[in-house]
Structures are given as structure tokens and as C-alpha cells.
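Here's the structure, in C-alpha cells; my notes come after.
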Amino acid sequence: MEDTGVCNFLKDPLSINDLITSGTNFEINTNFDEGFTNDIYDELNLGSDDEQDDDSKNCIDQSLLVSPWTKSFEELKQHMQQLNENMWKKITKVGDESEGVVPPVNARACIRYNAYWEGEGTPFDSTFLRGSSYSFYTGRNEVLQGLEDAVCTMHKGESAQFLISYNLLFREMGCPPRVKPKADGLFIIEVVSYNLIGDIDAEQQIPEEDRDKYSVVIDKVKEIHLKGLDFFSQGMYRNACRAFEKALDLLKFSRLTSEEEEKAQSAFLLKLYTNLAVCYIKVNAPAKTCIMCKEIRHLTNNKPSCKALFQEGRALLMLGEYEKARSHLIKAQHMEPHNLDISAELKLLEERYKSYKESEKKLWTKAMGLIKNADDEPVKTNPSDIDELEQEMLNLMIHFKDDNDQKSLKLPSGLTTKEIETLDGLAKRLDLKLTLNTLDSTQYIITKKT
């Protein structure tokens, strides 16, 4: 296999025992989001779905790979704080201590690191060398114990150096010839992010008699919501939809006992509707996004945020509702006139609308037989020309009726009342039917009577 220099992640961890004995199957996750934060999904995402390529990621800074210490580890210990009998630490960059927590058990930690043996200047393992960060779940024995223990002392955004005893790495035996017996290691670690991952089946822990009690349900709803965020961060958008939908159903029908519970329920419902609106765009279900935005309007007394208007505008654009999409996007732009994402979406809308109108015009003029040849000017559809226009329509319908292979004749959307009446009259003369397209209420079709 060609080495592309890119590190992909497994969707589920491998068991070393299974790999050595009976073998195992695995699936690569190629859509892993390194810098995922929960906060952005509590509101509708304004940004584009397109990821910007950064060529600088492909260029490895060799200075990042050089060990900061090539003398004996005993000397290094003098410059570090001892955490326990197997680990010493020196903080080189203070992280975000505002939350006052470090990665808990059952969290997904995303890190960058270099690892060195004593007296060696180049790393024996490095995410920088692979050009990617590395993520693992705490409490599942997915990485060396020493590496996990070190990360679990760090805050988000923190960088630190750790001297880790062989007892927490490859033990006394090591792994010859690559790892010597009783080999201590120097690890340079940066915590990019960590997130609780929740539990998709948390509601199963609720007794049947308590499933409608808000005070009991809310904690499980939060667990399921967290799992939805974790799915989203890995690009598993359909799984995220299912998690948010499950949490929504559980919360929506819970029984409230106070005004405080009602307010808290509304706030969390708004969060779930918001996340679903984003997810439905990701899975190409814009109609569902519009339904979520309608619920958001209801919860906010018809005062959606700029981000909600933007997201609804995007969904309407995907549905081909150009006028409604423009209205929502312009309202969003009035709220944030300097927002580049809104400006870009409006530009995209205008380009698509222009292309749509041009295509519709060509289809209409061709269908009505208004183009005699490539050099002629199209016939004007004013009242004095209506007889000629009707004749062209009639010829078109006769051809359709005589064609046994053609089951329906689709007409362009945007017909005027006069044009609809004319088409309906001609269809009846030929024993044809003019009806609305069941799949598109803005378009009429002509069908043959059975």
C-alpha cells in the first residue's frame, strides 16, 4: 500500500489478542474531526461545509521532532515535578483551566505527541511525523497506560513533558529489538481537545414507571445528546440524527412539575432542534431542517437567531425555494451585515437562481414551439399572438398523446393563471388531464386518461 503520509482512524478499537490469534475485521474512519468542540453544535452552524485545504499541514517542521533533552533521564527528573513513583511532569504551556477538569473516564481525547528513548534525539513514535493528531477513548486500555495516565493530568490546550517509567510502558521485558528491557520514555504531549461521549442507550436504564418524569429523564437525555455530538464529530451524521431524535422524543413527552422544569425543557429542546437542523443538512434532508427551524420559531416566539435564519435559508435553497431562501438570508444579513458566510450563500443563491431561470426559459420556449430556428427571434406572448401560441401547445399535446412510450408531460413551474387555463382547455379537448405534480406542488403535468 502506498504511504500517503496521512493517518486514518479506526471507527472501533482493535483487540491485540484477536489480531494475533483468530484475526479481526476493522473499518477505517476517514472523516474524523480533530478540533471538535461541543459548543458550536448548540447553535446552528453558519460556516460552509467545504473544508479548506492547508498545504502547510503536509510540510513537517523538523524542529518539532528533535528531542528537547538528550542527557540522562536522572538529570531531567531534577527539572520536573514528580506525580507518583512512575511519572514526572513539566508543563510547557498552560491549558484552559476555566472548567477545572481534566479528561474523565469515557471521554474521547485528541492529542499530539512525540515519544523518545533515553539519549536519542529522534522520536520512536510521533503524531507530528505522521502529520495528524491521534484520538483515543479513556478508560478502555486503547493506549499505553503511561500515555493515558499522563493525558488524564492535563487540561484542554495544555502542553507538557512527561518522563514515564517502563512500568507504565513496555514493562521489564520491553519489545526487542525495538524496545529495550526496562526502557523509560520521554513524552512531549499536547491536548487538542477532549469530549464526553455519552451513551446512546442511556434511556434503557430508566424504570418503566419513571419514563415520563422530567426529573428522571433529563440526565439520560443529556447522555444521549452527548453521544450524538460524538457521532457528529466523527462524520457519522445519520447516527447523530438518530441520537438527537431519540433524545428529543424522550424529552418532548416528559411530564413537568414546575415552571423551572418547563424553562429547562424548552432550553434543551431548542438545543436538540438546533443540532438536528444542522444534521439534516448534512444528510441531504433539507425539508426536515425546515421542520426543525419551524419548531425553533415556536420556541423563540417567532424570533429566530441569525444562525437559525441562515440555516433555514440554506435548506430552502437546497429545495429550490429561491425567493423564500433569499428572504431568510437577507434577514440574517441585516442582523449580521459583515458576516462573510451569509454573503457567500447569497452569492451562491443568485448564481443558482440565474441558471434556473435560464434553463426554465429554454425549456418553456422549446416546449411551446416558439423558436422557429436558431436565427429567429422568439414569438412574443402578447394577446394578439395567443392563437398561434395555442396552436403550438395543441401540437405538443397531440404529439404526446400519440407517443405510447411517454406517460406524462412535465411543464415548467411558474405558469400564469392564463397559461394554466389555456393548457387545461386544450387538454380536455384531447381527453388528457392537467394535474399538479404530486412530487412537486409548483409544477403541472399532463397525463393520459386510463
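Per the listing LYS213, LYS227, LYS222, the residue uniquely within 24 Å of ASN141 (Cα to Cα) and open to solvent by 30 Å² or more (accessible area, probe 1.4 Å) is LYS227. Only one entry of PRO207, PRO177 meets the criterion of being open to solvent by 10 Å² or more (accessible area, probe 1.4 Å) and either at pLDDT 85 or above or under 24 Å from ILE111 (Cβ atoms) (or both), and that entry is PRO207.
Within the range 118-137, does at least one residue satisfy the condition of being of a type in the set (A, V, I, L, M), under 22 Å from VAL179 (Cβ atoms), out of contact with any His (no Cβ under 7 Å at 6 or more places or on another chain) and surrounded by fewer than 21 Cβ atoms within 10 Å (Cβ to Cβ)? Checked against the condition, which is being of a type in the set (A, V, I, L, M), under 22 Å from VAL179 (Cβ atoms), out of contact with any His (no Cβ under 7 Å at 6 or more places or on another chain) and surrounded by fewer than 21 Cβ atoms within 10 Å (Cβ to Cβ), the range 118-137 yields at least one hit. Checking ILE60 against (1) modelled with pLDDT of 85 or more; (2) open to solvent by 50 Å² or more (accessible area, probe 1.4 Å); (3) on the phi < 0 side of the Ramachandran plot; (4) out of contact with any strand residue (DSSP E or B) (no Cβ under 7 Å at 6 or more places or on another chain), which test does it fail? Every condition holds for ILE60 apart from (1).
In the set (1) under 16 Å from GLU85 (Cα atoms); (2) crowded, with 20+ Cβ neighbours inside 10 Å, the condition left unmet by VAL151 is number (1).
The single residue among VAL278, VAL283 that is loosely packed, with under 15 Cβ neighbours inside 10 Å and within 14 Å of the chain's Cα centre (by Cα) turns out to be VAL283.
If you filter the range 64-94 down to residues that are of a type in the set (D, E, K, R) and either part of a loop (DSSP other than H, G, I, E, B) or open to solvent by 70 Å² or more (accessible area, probe 1.4 Å) (or both), you find that the one that is nearest to SER132 (Cα to Cα) is LYS93.
The values are calculated or read from the model by the stated rules, or taken from the named source; none is laboratory data. Treat the numbers as computed from the prediction; the structure is a model and nothing was measured. Quick reminder, even Gly has a Cβ in these numbers, built from the backbone with ideal geometry, and neighbours come from all protein chains shown. Please note that ligands, DNA and RNA were not included when accessible areas were found on the heavy atoms of the full protein model with its side chains. Shrake-Rupley method; radii C 1.70, N 1.55, O 1.52, S 1.80 Å.
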